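The values are calculated or read from the model by the stated rules, or taken from the named source; none is laboratory data. Note that the structure is predicted; figures quoted are calculated from it, not measured. Every residue, glycine among them, receives a Cβ derived from its backbone with ideal geometry; neighbour counts consider all protein chains shown. Areas reflect the complete protein model, heavy atoms only, side chains present, ligands, DNA and RNA absent. Shrake-Rupley method; radii C 1.70, N 1.55, O 1.52, S 1.80 Å.
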Amino acid sequence: MQPDIDRLREEALAAVAAAVDIGQLDHLQVAYLGRKGRLTVILRGLADVPAAERPSLGAMANQARAEIESALVRRRQELAMESDRRRQAAEGIDVTLPGVPRRVGRRHVLSAVRREIEEFFLHLGFSIAEGPEVELDHYNFELLNIPRGHPARETQDTFYLTDELLLRTHTSPTQIRVMQMLAPRLPVRVISPGRVYRRDSVDASHLPFFHQVEVLAVDRGITFADLKGTLEHFARSFFSQGTRVRLRPSYFPFTEPSAEVDVSCMCEGRGCSACGGKGWIELLGAGMVHPRVLEAGGYDPEEVSGYALGLGVERAAMLYHGINDIRLFGQNDVRFLDQFGEGGC
Ligand code: DAH
C-alpha cells in the first residue's frame, strides 16, 4: 500500500503544478481529496490493513494529504498573481507611475474672514447669537427706532414677504432679540453674524444679499471710549499693527451718537485705487445704543449704556484681500477661490 500512496502523491503534485487555471485546481482537489477522492479512498481502506502497519501507513497518507493541500494553496496564489499580471499588462497599467493628486477643498474666503472677525470678539469675551433671516418689520425697523415713514427705511430697500414679514436688511434686529432674551442680566456681550438682503441691482459693489457681523455690548458705565478702543484694537488685529482708525460723525436711528468708522489705507494717503487717494477707507457703522433701543430690549437707559457696530463681511474681505468686485464671491470660480489659503487672512 505504501507505493500506492507515494505514487498517488507524486501524481497529484505533478497535476497541481501543471494546472493552468483555478477550475482545474478545483477539479483536482475533488479528485484527490474530496469525499470520494482517491486519497480519501486509500485512507478508508486502512481499516483492512493489518493493525501493525496501520499507524505508519496512516501517517504517510496524512502527510501526503497535507502536501497536496499546501501545493493546491500555493498554485492558487501563483495563478491569481499571474492573472493579475496578465490583466495589468493588457490594461497597460504602470503601477510605478505617481498617483493622481486629489484636490482638497478649503473654506470659502468669506467664511474665513467671518471666522477671523468672530475669533477676535470671542477672545474679548463676546458670545455668538444668530437671529432669523426672515424677520418681523417690528424688529427690523420699528424697535430700532425706525418707524413707518421714517426716511431711513428708504435707504434700505426691503424685500417684503407680507406687510409684517420681510427679509432682514441688516443684522441689527438681533440686538433687540438678544437683549429681550437676556434682560435684566448684565453684561451683554454678543456678536451676531449672518446674511442680510436688500433690493439692490447687482454691480461691482452691490448684491441683493450679503453678510454682516453685528456687535453689541451693554453694561453699566460703557462709554464711547470703550467703543473707540475696541475698534482700534480690532482694526490693528484684522489689518495690521500700524492701522489707524478715524470716526466721522454720522447718523443711524438706533445709535446716538453715531459714527462712520474709517481705517487708514495701506498707501498712507499717497494715493491708490482702494481709497481714491484719500488715505482712509470706510469700514463700518457704529455708535452708542439709542436709549429707545435699550428700552425696547428691556434695559433701563438711566442705568446702563452700550455700544453697537455693524460690519460688512464682503467689505472687510474686499479691503483685506484687495478684491474689487463683490460678484466674485458668489461665482464659485476656483481660479478666484484658490488664491486664498486656509484661514483666509
Ligand atoms: N445696521 C447698519 C446697516 O446696515 C449698520 C450699523 C450701523 C450697525 C451702526 C450698528 C450700528 O450696530 O451701531 O447698515
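A quick yes/no check of all residues on (1) more than 16 Å from the ligand (Cβ to nearest atom); (2) open to solvent by 50 Å² or more (accessible area, probe 1.4 Å); (3) modelled with pLDDT of 95 or more:
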{"residue": "268", "(1), (2), (3)": "yes, yes, no"}
{"residue": "271", "(1), (2), (3)": "yes, no, no"}
{"residue": "280", "(1), (2), (3)": "yes, yes, no"}
{"residue": "283", "(1), (2), (3)": "no, no, no"}
{"residue": "286", "(1), (2), (3)": "no, no, yes"}
{"residue": "294", "(1), (2), (3)": "no, no, yes"}
{"residue": "303", "(1), (2), (3)": "yes, yes, yes"}
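Report, ordered by the first and then the second residue, all pairs with beta carbons closer than 6 Å, sequence separation of six or more or different chains, a first member in segment 84-107 that is under 29 Å from residue 334 (Cβ atoms), and a second member that is not aliphatic (A, V, I, L, M).
From residues that are under 29 Å from residue 334 (Cβ atoms), the pairs are 106/342.
Considering only residues that are part of a loop (DSSP other than H, G, I, E, B) and surrounded by 13 or more Cβ atoms within 10 Å (Cβ to Cβ), which ones fall in segment 108-129?
The answer is 108, 124, 126, 129.
Could you grab the pairs with beta carbons closer than 7 Å, sequence gap of 6+ or different chains, first residue in segment 272-293 and within 22 Å of residue 218 (Cβ to Cβ) and of a type in the set (Lys, Arg), second one outside any strand (DSSP E or B) and away from the ligand (no atom under 14 Å from the Cβ)?
If the second residue must be outside any strand (DSSP E or B) and away from the ligand (no atom under 14 Å from the Cβ), no pairs are left.
Please count how many residues of segment 204-256 are without any contact (Cβ under 8 Å) to a residue 24 or more places away in the chain, hydroxyl-bearing (Ser, Thr, Tyr) and open to solvent by less than 40 Å² (accessible area, probe 1.4 Å).
Adding up the residues that qualify gives 1.
Does residue 88 meet the test of being more than 19 Å from residue 212 (Cα to Cα), part of a helix (DSSP H, G or I) and at pLDDT 90 or above?
The answer is no for residue 88.
Please go through segment 236-259 and pick out each residue that is within 16 Å of the ligand (Cβ to nearest atom), of a type outside the set (Val, Ile, Thr) and either closer than 23 Å to residue 188 by Cα or modelled with pLDDT under 95 (or both).
If the condition is that a residue be within 16 Å of the ligand (Cβ to nearest atom), of a type outside the set (Val, Ile, Thr) and either closer than 23 Å to residue 188 by Cα or modelled with pLDDT under 95 (or both), then 252, 253, 254, 256, 257, 258, 259 are the ones that fit.
Would you confirm whether any residue within segment 165-173 is touching a residue at least 60 places away in the same chain (Cβ under 8 Å) and open to solvent by 60 Å² or more (accessible area, probe 1.4 Å)?
No: zero hits.
Filter segment 57-78 down to the residues that are free of Cβ contacts under 8 Å to residues at least 24 places away in the same chain and either out of contact with any helix residue (DSSP H, G or I) (no Cβ under 8 Å at 6 or more places or on another chain) or open to solvent by 20 Å² or more (accessible area, probe 1.4 Å) (or both) and list them by number.
Within segment 57-78, 59, 62, 63, 66, 70, 73, 74, 77, 78 meet the criteria.
Restricting to segment 152-196, name every residue that is within 27 Å of the chain's Cα centre (by Cα), within 11 Å of the ligand (Cβ to nearest atom) and more than 19 Å from residue 117 (Cα to Cα).
Residues satisfying the conditions are 168, 169.
Going through 102, 75 one at a time, which residue ends up being among the basic types (Lys, Arg) and assigned to a helix (DSSP H, G or I)?
75
Please indicate, with yes or no, whether at least one residue in segment 330-339 is assigned by TED's automatic domain parsing to the domain that holds residue 177, part of a strand (DSSP E or B) and acidic (Asp, Glu).
Scanning segment 330-339, I find no residue that is assigned by TED's automatic domain parsing to the domain that holds residue 177, part of a strand (DSSP E or B) and acidic (Asp, Glu), so the answer is no.
Which condition from (1) open to solvent by 40 Å² or more (accessible area, probe 1.4 Å); (2) part of a loop (DSSP other than H, G, I, E, B); (3) under 30 Å from residue 332 (Cβ atoms) is the one that residue 148 breaks?
(3)
Suppose the filter is over 30 Å from residue 36 (Cβ atoms) and of a type in the set (Lys, Arg); does residue 75 pass it?
For residue 75, the condition - over 30 Å from residue 36 (Cβ atoms) and of a type in the set (Lys, Arg) - is not met.
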